[in-house]
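Here is the structure we will look at, set down as structure tokens.
Quick note: the coordinates plus some simple rules give every number you see, no bench work behind them. A quick note: this is a predicted structure, and the numbers were derived from the prediction, not measured. Here the Cβ positions follow ideal geometry from the backbone for every residue, glycine too, while neighbour counts run over all protein chains shown.
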Amino acid sequence: MTGVLWTAPATAPDVLSALTEDERYRRFDELQARMGGVWESMRLNYEDESVVVVPSITLDRATARSGTLTQAYEERFLFLLVLLRQPRLRLIYVTSMPISPEIVEYYLALLSGVIPSHARSRLSLVAVNDSSPRSLSEKLLERPQVLRRIAELIPNRSRSHLVPYNTTELERDVSLSLGIPMYGADPRLADLGSKTGCRRLFAEVGVPHPQGAEDLHSLDEIVDAIVGMRSERPTMPSAIVKLNEGVSGQGNAVVRLAGLPSPGSSDERAAVMQTLGRRCTRL
């Protein structure tokens with residue numbers, strides 16, 4: 001990625017590709033240190049306050065099959081238009097493709113005590129015009145001119161922050177490019193938010209959690225995990241196979257185990273393999 005980093009007008013812009021990961025995180029940490037001050041100024045009715053919403057879905061590619069689905073997920077964050085109830089706040093909302101005006105009007109009409117036209121005047125909609133099933137952050141970092149346009153819409157970086165859908169190094173780089181902190185988890189902690197990471201963390205700190213197995217990478221490993229789980233709980237009627245990263249149930253499948261040979265039987269593993277191949281149904 002070669003997105004341009006925001007810098008003061010008197011200086012030449014840096015390029016992300018020229019920075020190492022350590023350098024990017026050093027700058028990111030400096031930005032994030034400002035988040036406390038930004039948050040404290042929220043709802044104080046400053047004229048130059050703003051929020052930049054980049055609802056980028058950066059997950060396992062198996063969960064994003066089409067540009068239509070990507071756009072639908074990006075529009076899920078339109079509930080944040082409720083922030084326009086604050087009379088001076090400006091909201092910059094970025095999507096892959098333009099949002100239908102009727103949808104925007106619908107959300108603005110929900111703002112109690114706010115004239116929709118007044119809220120609309122403080123809302124900037126920015127579309128990348130790229131319907132490919134890729135993350136919005138990736139598309140933005142390929143388009144420095146769009147990032148510059150967004151940066152120009154920010155009245156005061158000391159009273160602005162970025163709201164992403166989820167946080168990875170891509171969203172970190174968008175934050176760096178705009179020169180504003182990000183309201184989200186540090187990407188370096190992303191593994192803890194995965195299904196595997198959560199199970200490992202729960203086990204480490206002694207939090208009760210469902211029986212299961214993690215860090216599986218092949219059908220054979222899934223079969224072995226189910227066989228092992230049945231040995232511990234012979235009466236279990238089903239198991240759920242989940243992608244490590246997923247959203248809204250995408251990538252989940254139910255495996256029905258009723259009628260299989262008894263745990264420990266010589267033909268158990270072959271039967272589980274057959275069940276996985278023929279009887280998996282998506283949630």
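Using θ = phi - 60° in the Karplus curve 6.51 cos²θ - 1.76 cosθ + 1.60, the 3J(HN,Hα) couplings for segment 201-218 round to 5, 4, 5, 5, 9, x, 7, x, 8, x, 4, x, 8, 9, 6, 9, 10, 8 Hz; x is entered for Gly and Pro. Only alpha carbons enter this Debye calculation for segment 124-283, each as an equal point scatterer, and the log10 of I(q)/I(0) it gives at q = 0.09, 0.10, 0.17, 0.20 Å⁻¹ is -0.48, -0.57, -1.01, -1.24. In order along segment 105-110, phi translates into HN-Hα couplings of 4, 4, 5, 5, 5, 7 Hz, rounded to whole numbers, per the Karplus curve 6.51 cos²θ - 1.76 cosθ + 1.60 with θ = phi - 60° and x for Gly and Pro. In order along segment 35-44, the phi-based Karplus estimate (6.51 cos²θ - 1.76 cosθ + 1.60, θ = phi - 60°) of 3J(HN,Hα) comes to 4, x, x, 4, 5, 5, 7, 4, 6, 9 Hz; Gly and Pro are listed as x. For the options Ile99, Ile57, Ile240, a Gaussian network treatment of the chain with springs between C-alpha atoms closer than 10 Å singles out Ile240 as fluctuating the most. Its relative contact order, with pairs defined as Cα atoms under 8 Å and 6+ residues apart, puts segment 47-171 at 42 percent. In terms of surrounding Cβ atoms within a 10 Å radius of their Cβ, Thr68, Thr196, Thr95 rank from fewest to most as Thr68, Thr196, Thr95.
Model label sites at Asp29 and Gln211, defined 7 Å from Cα along the beta-carbon direction, differ in position by 4.4 nm. Dividing the mean sequence gap of close Cα pairs (under 8 Å, 6+ apart) by how many residues segment 194-282 holds gives a relative contact order of 26 percent. Exposure proxy ranking for Asp173, Asp186, Asp29, Asp22, based on other Cβ atoms within 10 angstrom of each Cβ and starting from the fewest, stands as Asp22, Asp29, Asp186, Asp173. Over the chain, what relative contact order in percent results from Cα pairs under 8 Å that are six or more residues apart? Over the chain, the number comes to 19 percent.
With both labels modelled 7 Å from their Cα along Cα-to-Cβ, the Glu47 to Glu232 distance reads 6.2 nm. If R0 is 41 Å, the Cβ-Cβ spacing of Arg256 and Val82 corresponds to a FRET efficiency of close to 0.45. Over the chain, DSSP H runs of length four or greater, each weighted -39,500 (n - 2.57), average out per residue to a 222 nm ellipticity of -10500 deg cm²/dmol. Put in line by how crowded their Cβ is, counting other Cβ atoms within 10 Å and starting with the fewest, Leu19, Leu141 read Leu19, Leu141.
Using 0.36 nm per residue and subtracting the Cα-Cα separation, the extra length available between Asp224 and Ser132 on full extension is 29.4 nm. How much of the pair distance distribution for segment 126-176 lies past 16 Å, counting alpha-carbon pairs only, in percent? When every Cα pair of segment 126-176 is considered, 42 percent fall beyond 16 Å. Each label point was placed 7 Å from the Cα along the Cα-to-Cβ direction; for Gln145 and Glu102 their separation is 3.2 nm. Each peptide in 84-94, 254-264, 143-153 gets a packing score, the mean of other Cβ atoms within 10 Å over its residues, and the list from highest to lowest is 84-94, 143-153, 254-264.
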